[in-house]
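A quick write-up on the structure given underneath.
The values are calculated or read from the model by the stated rules, or taken from the named source; none is laboratory data. Only a predicted model underlies this, so the values are computations on that prediction, with no experimental measurement involved. Cβ atoms come from the backbone with ideal geometry, glycine included; neighbour counts cover every protein chain shown. Areas reflect the complete protein model, heavy atoms only, side chains present, ligands, DNA and RNA absent. Shrake-Rupley method; radii C 1.70, N 1.55, O 1.52, S 1.80 Å.
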Amino acid sequence: MGGGIAAHLASCGIRVILYDIVPPNLSDAEKGDRAARNRWAQGGLDKALTAKPALFVDAGAASLIEIGNLTDDLARLSECDWIIEVVKEDMAVKKDLLAKVEAHWKPGALVTSNTSGLSIDGMLEGRSDAFKRVFLGTHFFNPVRYMHLLEVIPGTQTDPAAIDAFVGFARKILGKGIVFAKDTPNFIANRIGVFAMMKTIQSMRELGYSLEEVDAIVGVPMGRPKSAAFRTADVVGLDTFVHVSQNCYDSLPNDYERETFKIPDFLTNMVKKGLLGQKTRGGFYKKEGKDFFSLDLDTLEYRPQAKPELPELKKISKIEDVSERLNALVADEGRAGKFAWHVLSRSLAYAANIAWEIADDIENIDRAMKWGFNWEQGPFEAWQALGVRKTAERIKAEGLSLPAWVDKAIEADAFYKKDPVAPTYFDKAGGFSPSNEIPGSISLARLKAQGKVVEKNRGASLIDLGDGIACLEFHTKMNTVDVDLGVMLNTACDVVERDFDGLVLANEAEHFSAGANLMMIVMYANQKKFDEIAKIVENFQNTVQRLTYLSKPVVTAPHGLTLGGGCEMAMAGARMVVAKETYMGLVEVGVGLIPGGCGTLNLLKRAFADVPAKVDRNMFDSLGRVQKAFEAIAMAKVATGAGEVFSLGFGRAQDEIAMNQDTRINDAKRLARYLADRGYTAPRPAQNLHLPGQNGAAALDLFTYGMKLSGYISEHDKKIADKLANVLCGGDTDGRTPVSEERIIELEREAFLSLVGEPKSIERMQYMLMNNKPLRN
């Protein structure tokens, strides 16, 4: 965990010293060896560097991390502005370390504990009042890079000014979603999340369900992650999960659901046998080769995984709206619906009964579960989606008790009032309080509810963000590029040219854009309507170029999947504000094509950005620059985060990274406003594309020929690669005269149209539509 926190801080540009203890039982020779004494700290850094998925947003940020040990290097704590304790969950160990920390601590420097559930005040016994004023709990969730939640737990003597300063820093610099928790065992997310997991296990055993059945029910159908219950436990680690649950059992003697936290014998035995999940290559599930196995909880032996017979889930899982999906699930009278309601009703009742013990308001509780456990809705949001009164009556009918404060919420039939101007939540005083707005956030949904839509059609909406900036929000399925979206892109350009100072391309869906509407392309290809395809491609190329050369600044805000045409739209702007978790690439080869929306051109422009218009061809290697773009497209490379967006060449030096998912749209808006205020003018077309022509294409042909002979690529891959090489190398250019943007666009369109009718390309497109994965034919 310490390595994960260090990796994230370094990714945010912060210098870090990563400490660990001196390894025990060093030899006499090693005791004087600095490297040996720092071996465990180095190991923590090495694990962070090699972790999959990557813990660093940019692996180069590891240069900001130094290592040390808790014997030789404690004096260096005086250099630090923030000291984070991340030792094992043992109160005695933590108290002993904090005593040592205070001896070297710089007065005023912040000190925090990453405890997942131990008492903040409890670990401060014996510490000075000055130390206590700058001490608080900062519970990061694992993996730190990917989990948005950071629980902040003040001590009774923590200075409010220290809290405010840290929270502002954590939101703006670390990009975290802050939830304020009370100093109670396991705080908010783990208290409710682990209860839900333990109640699921208990119910599974009592009601006679299998692992596979339970995970099929309590995952996506219930608005939870695909990993559901047991796959999530395998990812977290069974030892960690058992520790957190045991801490609840030991620390909550008066909790009415205390017995739910009691560790069942089979879990204890799994830990003893080392069946800890992914870290030991086996937990509730394991994979051997291509085969998957499930654990028999009675024998603790693995058996072939069985597909659950729950036909009702097939229809329910396809419902996109989470509220509609959840209502359909708990209304189901079959095996799935009964189990879902049994577990959910008890989780909702528990959240209500402990709400004011663990938090000051329900909004913090709901955010904790969404940001820390990736639930689509927090418990009170889910309750409201099911109907506050109706659900409370059904819970009570089960013989479950609800606290008195819920009766007042029942009278209002709401936990939240979603007024577009002034949203509120139900508070513990029995009234409604203003929502805890996330500083710097923009809600497109609220702006639309407030009547800020300027233009819209089926594919997109143009929204007034205020301050002279408009936002085009896509809303096709997966935000794919189709005719409607293309029309709105051009409409947005017209309106912004006339009425606004700048344009942002952004949305609040899970993904920025998954690319072109492939079904439409396949349909036309099968019907041999190649003229229609040619019009679509040319129109999209013209639209992308219009975004690039608009007289007002266009700032794109890619996030999530930004593939194919989505990547081309993102690269078209004057600037990109790239969300930390952006998965960007030009992946058209996977469906037998090359980019068809100026993707080749804009990748070349980035590769040649530092090249002057006039160069000495004898001193200039254009092929190396082209080859990087060629490999990115031909190998369908996808950036696995914002750092790789830049290292793969999709991002430019002037583009930015948005660390906080809550403020990324506002970040893009402010950048558009800044560009407009400084007198933005449209860029000039590139005059420096000194491409290598047929000699360069021949070199790339030799490279791909070798790959085909070695069996790495197919004959059709080779055909695609050759056409791509011709585009990127500038066609029949002599290599002495810069190639115009128009010529690259023309070559790109010709190559795209020559491939779209190929039988093997059509096979690839159809296979992708049917199987959601590429075919290498």
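Taking ASP482 and the conditions (1) surrounded by 17 or more Cβ atoms within 10 Å (Cβ to Cβ); (2) without any contact (Cβ under 8 Å) to a residue 60 or more places away in the chain; (3) over 31 Å from the mean Cα position of the chain (by Cα), which numbered condition does it fall short on, given that it satisfies the others?
Condition (3) is where ASP482 drops out.
Just need a number here: residues in segment 535-584 that are open to solvent by 30 Å² or more (accessible area, probe 1.4 Å), part of a loop (DSSP other than H, G, I, E, B) and not acidic (Asp, Glu).
Within segment 535-584, residues that are open to solvent by 30 Å² or more (accessible area, probe 1.4 Å), part of a loop (DSSP other than H, G, I, E, B) and not acidic (Asp, Glu) number 3.
Here are some conditions: (1) under 30 Å from LYS88 (Cα atoms); (2) in contact (Cβ under 8 Å) with a residue 40 or more places away in the chain; (3) open to solvent by 20 Å² or more (accessible area, probe 1.4 Å). GLU259 meets all but one. Which one does it not meet?
(2)
Under 6 Å between Cβ atoms, at least 6 apart or on separate chains: pull out the pairs that start in segment 507-525 with a residue that is farther than 30 Å from GLY223 by Cα and end on any residue that is open to solvent by less than 30 Å² (accessible area, probe 1.4 Å) and not in a loop (DSSP other than H, G, I, E, B).
VAL522/MET765; TYR524/ILE533; ALA525/VAL756; ALA525/ILE762
Which helices (runs of 4 or more DSSP H) sit wholly inside segment 681-777 and have at least 3 residues that are under 19 Å from VAL611 (Cβ atoms)?
Correct list: 693-709, 741-756.
Out of curiosity, is ALA336 open to solvent by 30 Å² or more (accessible area, probe 1.4 Å), in a helix (DSSP H, G or I) and touching a helix residue (DSSP H, G or I) at 6+ places or on another chain (Cβ under 8 Å)?
Taking the combined requirement at face value, the residue does not satisfy it.
Report whether or not PRO53 is touching a Lys or Arg at 6+ places or on another chain (Cβ under 9 Å), part of a loop (DSSP other than H, G, I, E, B) and open to solvent by 50 Å² or more (accessible area, probe 1.4 Å).
It is true that PRO53 is touching a Lys or Arg at 6+ places or on another chain (Cβ under 9 Å), part of a loop (DSSP other than H, G, I, E, B) and open to solvent by 50 Å² or more (accessible area, probe 1.4 Å).
List every residue pair whose Cβ atoms sit under 8 Å apart, with the two residues 6 or more apart in sequence or on different chains, where the first one lies in segment 278-296 and is without any contact (Cβ under 8 Å) to a residue 60 or more places away in the chain and the second, anywhere, is among the hydroxyl-bearing types (Ser, Thr, Tyr) and part of a strand (DSSP E or B).
Correct list of pairs: GLY282/TYR302; LYS286/TYR302; PHE292/TYR285; PHE293/TYR285; PHE293/TYR302; ASP296/TYR302.
Does PHE646 count as farther than 26 Å from LEU55 by Cα and surrounded by fewer than 24 Cβ atoms within 10 Å (Cβ to Cβ)?
For PHE646, the condition - farther than 26 Å from LEU55 by Cα and surrounded by fewer than 24 Cβ atoms within 10 Å (Cβ to Cβ) - is not met.
Going through segment 501-530 one residue at a time, which ones are buried (at least 21 other Cβ atoms within 10 Å of the Cβ) and either of a type in the set (Lys, Arg) or in a loop (DSSP other than H, G, I, E, B) (or both)?
ALA506, ASN507, PHE512, ALA514, GLY515, ASN517
Residues in segment 1-43 that are hydroxyl-bearing (Ser, Thr, Tyr) and outside any helix (DSSP H, G or I): how many?
Summing the residues that are hydroxyl-bearing (Ser, Thr, Tyr) and outside any helix (DSSP H, G or I) in segment 1-43 gives 2.
For the condition more than 30 Å from HIS148 (Cβ to Cβ) and of a type in the set (Asp, Glu), what is the one hit in GLU538, GLU508?
Exactly one residue qualifies, and that residue is GLU538.
Quick one: ALA130 ticks every box in (1) more than 27 Å from PHE373 (Cα to Cα); (2) touching a strand residue (DSSP E or B) at 6+ places or on another chain (Cβ under 9 Å); (3) aliphatic (A, V, I, L, M) bar one, so which box is it?
It is condition (2) that ALA130 fails.
If GLY223 satisfies every condition in (1) open to solvent by less than 10 Å² (accessible area, probe 1.4 Å); (2) over 25 Å from ALA51 (Cβ atoms); (3) over 21 Å from the mean Cα position of the chain (by Cα) but one, which is the exception?
Result: GLY223 passes all but (3).
Would you say ARG171 is touching a residue at least 60 places away in the same chain (Cβ under 8 Å), crowded, with 21+ Cβ neighbours inside 10 Å and in a helix (DSSP H, G or I)?
yes
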